[in-house]
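Asks: Take this structure first; my questions come after.
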Amino acid sequence: MPICFVVVSVFFMSERFSADKGRKYYEEAGQILWEIKTKEKIIALTFDDGPHKKYTPEILDILAKYQAKSTFFIVGENAEKNSEVVQRMYEEGHELAIHTYTHPLRTNVPNLLKEIKQTHDTIYGITGYTPTLFRPVEGQYTDGMIEAVAKEGYKVVMWSWHQDTMDWKSPGVHKIVNTVLKGAKEGNIVLFHDGGGDRRQTVKALEKILAELEKQGYKFVTVSELLEVQKANKKMEENK
């Protein structure tokens, strides 16, 4: 993570807190997803910053071993460099989503929309799939950003705040595993990274995490599958 991270975060967060309508508002509006409430033992594993020519295929191998589906929030320029990896993701049933084109730590709404379109077109050009989900860099957003992204037809996806593995810091395999297993709960969205640096710890931790959660009876689903469960649960509540 670049040294400028703290400064950039301050920029985004100051703007965010001066304008943020709050999680409750965005969840009720259906514009941002952090997790869902459900009694089903399902969990969504998500990966940011890839694809990477080495680590993403290793992750795909592990996911295939456990028949686990996940959602990859793709950086467009990385997708262009590793189109065969993107095609494999798609063919193996994983969900492809957008994480900007160049991974800018600081940008404005017009440039962000341009980056989203670039990545959308890249994913579509490789696979023929039309992505509908977007995750902002560092999870930072403003009201204006969310409004603009929603108008373009995308849903913003964050993650369960207790399920940020912080794997980009290379905290150690044990710590990554412990973060996920200690907090695992039905409807969670877990944040990993498959690109942007050395992801050997993520690969090793993922194997252990999948093995243990499988023993606990969890099914690994895409974010869109999670949203379908949320939709079905809401409909049931309305019909009571």
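The values are calculated or read from the model by the stated rules, or taken from the named source; none is laboratory data. All of these numbers come straight from a predicted model, not from anything done at the bench. Here the Cβ is made from the backbone with ideal geometry for all residues, glycine too, and neighbour counts use every protein chain on show.
Asks: Given the criteria surrounded by fewer than 20 Cβ atoms within 10 Å (Cβ to Cβ) and either part of a helix (DSSP H, G or I) or not β-branched (Val, Ile, Thr) (or both), does residue 78 qualify?
Replies: no
Asks: Kindly provide the set of residues from region 1-27 that are surrounded by 10 or more Cβ atoms within 10 Å (Cβ to Cβ) and modelled with pLDDT of 50 or more, ordered by number.
Replies: Result: 19, 20, 21, 23, 25, 26, 27.
Asks: Let me ask you something else. Show the residue pairs meeting these rules: Cβ distance below 8 Å; 6+ apart or different chains; first residue within region 194-222 and under 18 Å from residue 166 (Cα atoms); second residue hydroxyl-bearing (Ser, Thr, Tyr) and surrounded by fewer than 20 Cβ atoms within 10 Å (Cβ to Cβ).
Replies: Pairs found: 197/170; 198/170; 201/170; 210/66.
Asks: Restricting attention to region 196-220, report how many residues are in contact with a Phe, Trp or Tyr (Cβ under 7 Å, 6 or more places away or on another chain) and more than 21 Å from residue 35 (Cα to Cα).
Replies: Qualifying residue count, region 196-220: 5.
Asks: Residues that are aliphatic (A, V, I, L, M) and within 23 Å of residue 90 (Cα to Cα): find the helices (runs of 4 or more DSSP H) completely inside region 103-212 holding 2 or more of those.
Replies: 109-127
Asks: Would you please list the contacts, defined by Cβ atoms under 8 Å and residues six or more apart or on different chains, that run from a residue in region 19-32 that is touching a residue at least 60 places away in the same chain (Cβ under 8 Å) and at positive phi to a residue that is surrounded by 14 or more Cβ atoms within 10 Å (Cβ to Cβ) and not aromatic (Phe, Trp, Tyr)?
Replies: Final answer for the pair search is 30/155.
Asks: Still on this structure: State all residues of region 35-68 that are touching an Asp or Glu at 6+ places or on another chain (Cβ under 7 Å), in a loop (DSSP other than H, G, I, E, B) and within 24 Å of residue 229 (Cβ to Cβ); if no residue qualifies, say none.
Replies: Those that are touching an Asp or Glu at 6+ places or on another chain (Cβ under 7 Å), in a loop (DSSP other than H, G, I, E, B) and within 24 Å of residue 229 (Cβ to Cβ): 38, 39, 40, 41, 66.
Asks: Name the residue that is surrounded by the most Cβ atoms within 10 Å (Cβ to Cβ), counting only residues in region 157-172 that are among the charged types (D, E, K, R) and free of Cβ contacts under 8 Å to residues at least 60 places away in the same chain.
Replies: 167
Asks: Moving on to the next point. Suppose we filter 38, 56, 46, 130 for residues that are among the β-branched types (Val, Ile, Thr), surrounded by fewer than 18 Cβ atoms within 10 Å (Cβ to Cβ) and within 21 Å of residue 180 (Cβ to Cβ); which single one remains? Spell out how you get there, then give the answer.
Replies: Numbers: 56 fails: surrounded by fewer than 18 Cβ atoms within 10 Å (Cβ to Cβ); 46 fails: surrounded by fewer than 18 Cβ atoms within 10 Å (Cβ to Cβ); 130 fails: within 21 Å of residue 180 (Cβ to Cβ).
Selected residue: 38, the only one of 38, 56, 46, 130 that is among the β-branched types (Val, Ile, Thr), surrounded by fewer than 18 Cβ atoms within 10 Å (Cβ to Cβ) and within 21 Å of residue 180 (Cβ to Cβ).
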